[in-house]
Amino acid sequence: VRITAQLVQVDDGFHLWSETYDRELTDVFAIQDEIANAILEQLKAHLVGLELEPAVAAARKTDTEVYDLYLLARQRIYERKAPSIQAAANLLDRAIARDPQYAPAYAQRGIAALLLSDGNYGTTPRTESWAQGKLYVDKALQLDPQLAEAWAGLGLYHNNRPAEHREAIEALEKALAINPSLIDASNWLQIVYSEMGERRRALEILEQMVDRDPLYPPGFSNLINVYNSFDKQDKSWALLERTRPFLPGDPQLQQAEAGIWLSLGRPANALALLDSAREAQPSDYVIRALRSWGQMQTRQWERILADGGTRGAQVIAMLQLGRAEEAGILASQLASEGNIGILVHYLYRTGQYQELAEYIASGWADLAELESAYPSGGDGYGLMVDIAGAYARVGDEERFQEAMHRIRAAHDAAALEYALDTSLLRNEARYHALLGDTERAIAFLEQAVEQNAMTSAPLHQIWPDLEVLRGEPRYEAILARLNERVESERAELGLDSVST
């Protein structure tokens with residue numbers, strides 16, 4: 001084989017250095033080690049001030065068949081489609097059977113298992129997926145404690161489990177310290193930051209990712225979502241149009257475009273795209289979640305249950321249809337998996353205020369511990385608003401004031417972090433309603449409506465704290481305007497009118 005390396009000055013095309021290496025292809029890993037180290041020494045000589053380690057890490061040895069299986073599997077995982085990820089898992093099983101000591105195959109096998117959960121791209125129950133994925137990742141780290149892919153897989157494991165943000169960040173930063181170009185690790189890290197409300201940090205990572213690899217599916221779709229949260233849909237459209245020629249008809253692009261329409265309060269446009277995307281990728285969680293959200297915005301409660309919407313959406317649909325007992329069972333199941341938000345909302349919405357207060361007391365020493373595990377996501381601290389409302393209803397003034405203090409701090413931080421999106425505006429309205437400031441509560445709701453907010457039902461029906469606004473002319477006008485939008489979107493979908 002002949003391998004040629006060149007160092008080119010990008011501003012004028014001048015060749016700073018070039019070298020050709022002729023070798024017999026008897027051991028591809030030995031050649032990789034030799035030439036990579038030789039190139040590294042030349043880079044050190046030609047790039048003044050560049051600090052490089054004295055030698056690159058040695059290639060992890062296996063035979064060429066195992067290495068081919070591993071590379072094919074990585075490419076399948078990159079595509080982010082359930083059949084491709086399952087194919088990758090099969091390829092990796094073959095690689096592991098042939099070389100049980102090859103750590104990278106275990107790392108990618110763990111990542112494949114985690115991505116095939118029903119909370120990502122597949123249908124495997126998430127607790128089963130978590131357990132299986134963790135076994136493979138742990139094996140990879142046992143074989144090679146410095147394997148970046150394995151640390152990334154561990155970060156994904158923690159990222160999939162609510163309340164383990166800190167552990168996820170630690171593992172993902174470790175992965176990126178070993179291999180700064182590991183794009184999956186960057187993506188999962190920005191997701192953690194976004195969920196913790198640090199969206200500017202997430203935005204910076206995403207823009208770097210898309211610059212480096214414009215066609216990485218989670219990159220462009222997640223960047224569009226973050227642009228939407230900053231009310232920068234113009235940038236979302238530009239990125240979408242820049243990417244579309246390379247991936248015509250791709251379900252990830254359909255999902256991304258649907259997200260833009262939903263952020264603009266146009267669920268009918270979004271649902272048409274999501275129906276098509278769902279046909280191509282029926283188990284993709286993000287597609288299912290966006291579709292459920294569009295159906296909630298257009299009050300298609302029976303459809304959510306019939307079509308297998310996300311479990312959180314199913315809880316809301318059951319409540320709307322008067323099936324509170326079923327909703328409570330499903331909400332409790334979600335809480336047992338770490339998603340406490342739906343159970344808290346269920347208890348609050350169904351008037352079980354004392355039960356909610358007792359649930360919080362039984363699980364966390366105080367609200368500081370709860371907030372550490374479940375921080376605000378930056379779009380308003382809805383979880384803590386529910387808790388504050390429950391404390392107000394049971395007369396626990398001390399805890400009510402503490403919860404309100406935490407809401408205020410979270411909302412102020414979010415307002416500095418990025419644009420006031422409709423969720424944050426709604427939660428601000430709820431906060432002020434709990435304070436008894438109906439004027440400011442209504443003003444925030446009016447602002448949300450101006451920003452194209454939609455709603456899945458009359459506001460006070462979903463959030464009991466807004467009940468105090470009923471009868472206020474401005475509030476009733478808000479309800480009428482939202483109802484008009486729902487009816488308009490339903491008409492566009494060919495659905496009958498619904499009463500409020």
Scan segment 236-252 and give yes if some residue there is within 30 Å of Glu371 (Cβ to Cβ), at pLDDT 95 or above and either of a type outside the set (Asp, Glu) or within 20 Å of the chain's Cα centre (by Cα) (or both), otherwise no. no
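Going by what's in this entry, would Ala268 be described as under 23 Å from Thr422 (Cα atoms), surrounded by fewer than 23 Cβ atoms within 10 Å (Cβ to Cβ) and among the aliphatic types (A, V, I, L, M)?
Details: under 23 Å from Thr422 (Cα atoms): yes; surrounded by fewer than 23 Cβ atoms within 10 Å (Cβ to Cβ): yes; among the aliphatic types (A, V, I, L, M): yes.
So Ala268 passes the test.
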One residue is enough: does segment 272-286 have a residue meeting the conditions within 22 Å of Thr350 (Cβ to Cβ), part of a helix (DSSP H, G or I), open to solvent by less than 50 Å² (accessible area, probe 1.4 Å) and without any contact (Cβ under 8 Å) to a residue 24 or more places away in the chain? no
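The rows are residues; the columns are (1) touching a Cys at 6+ places or on another chain (Cβ under 9 Å); (2) closer than 19 Å to Thr298 by Cα; (3) small (Gly, Ala, Ser).
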| site | (1), (2), (3) |
| --- | --- |
| Asp396 | no, no, no |
| Ile407 | no, no, no |
| Ala410 | no, no, yes |
| Glu428 | no, no, no |
| His432 | no, no, no |
| Ser456 | no, yes, yes |
| Glu489 | no, yes, no |
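Looking at Ile224, Ile205, Ile260 in this structure, which one is within 26 Å of Glu487 (Cβ to Cβ), of a type in the set (Val, Ile, Thr) and modelled with pLDDT of 95 or more?
Details: Ile224 fails: within 26 Å of Glu487 (Cβ to Cβ); Ile205 fails: within 26 Å of Glu487 (Cβ to Cβ).
One residue alone meets the criteria, Ile260.
Residues checked against (1) over 17 Å from Tyr391 (Cβ atoms); (2) open to solvent by less than 60 Å² (accessible area, probe 1.4 Å); (3) of a type in the set (D, E, K, R); (4) modelled with pLDDT under 95:
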| site | (1), (2), (3), (4) |
| --- | --- |
| Val315 | yes, yes, no, no |
| Arg323 | yes, no, yes, no |
| Ala331 | yes, yes, no, no |
| Asn339 | yes, no, no, yes |
| Leu343 | no, yes, no, no |
| Thr350 | no, yes, no, no |
| Ala357 | no, yes, no, no |
| Ala361 | no, no, no, no |
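Here is a check on your reading of the model: is Met209 open to solvent by less than 10 Å² (accessible area, probe 1.4 Å) and either within 16 Å of the chain's Cα centre (by Cα) or among the aromatic types (Phe, Trp, Tyr) (or both)? Can you show your working first?
On the way: open to solvent by less than 10 Å² (accessible area, probe 1.4 Å): yes; either within 16 Å of the chain's Cα centre (by Cα) or among the aromatic types (Phe, Trp, Tyr) (or both): yes.
In short, yes.
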Anything in segment 364-382 that is in contact with a Ser or Thr (Cβ under 8 Å, 6 or more places away or on another chain) and either polar (S, T, N, Q) or in a helix (DSSP H, G or I) (or both)? List them, or say none. Gly382
Consider only pairs whose beta carbons are under 7 Å apart and that are at least six residues apart or on different chains; among these, list those whose first residue lies in segment 223-239 and is in a loop (DSSP other than H, G, I, E, B) and whose second residue is open to solvent by 20 Å² or more (accessible area, probe 1.4 Å). Phe230/Ala419; Asp231/Ala419; Asp231/Asp421
Would you check if Arg98 is modelled with pLDDT of 95 or more, basic (Lys, Arg), farther than 22 Å from Gln146 by Cβ and exposed (fewer than 15 other Cβ atoms within 10 Å of the Cβ)? yes
Could you tell me how many of the residues in segment 106-141 are more than 18 Å from the chain's Cα centre (by Cα), open to solvent by 40 Å² or more (accessible area, probe 1.4 Å) and among the basic types (Lys, Arg)? 2
Which of (1) open to solvent by 40 Å² or more (accessible area, probe 1.4 Å); (2) touching a helix residue (DSSP H, G or I) at 6+ places or on another chain (Cβ under 8 Å); (3) closer than 30 Å to Pro464 by Cβ is the odd one out, the single condition Ala327 does not satisfy? (1)
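Look through Ala82, Ala103, Ala88 and report the one residue that is surrounded by 24 or more Cβ atoms within 10 Å (Cβ to Cβ) and not acidic (Asp, Glu).
Working: Ala82 fails: surrounded by 24 or more Cβ atoms within 10 Å (Cβ to Cβ); Ala103 fails: surrounded by 24 or more Cβ atoms within 10 Å (Cβ to Cβ).
Only one candidate passes the filter, namely Ala88.
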Take segment 390-423 and flag every residue that is of a type outside the set (Ser, Thr, Tyr), closer than 28 Å to Gly265 by Cα, buried (at least 19 other Cβ atoms within 10 Å of the Cβ) and in contact with a Phe, Trp or Tyr (Cβ under 7 Å, 6 or more places away or on another chain). Ile407, Ala410, His411
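The values are calculated or read from the model by the stated rules, or taken from the named source; none is laboratory data. Note that this is a predicted model, so its numbers are computed, not measured. Note that each Cβ is placed from the backbone with ideal geometry, even for glycine, and that neighbours are counted across all protein chains shown. Only protein heavy atoms, including side chains, enter the accessible area calculation; ligands, DNA and RNA are left aside. Shrake-Rupley method; radii C 1.70, N 1.55, O 1.52, S 1.80 Å.
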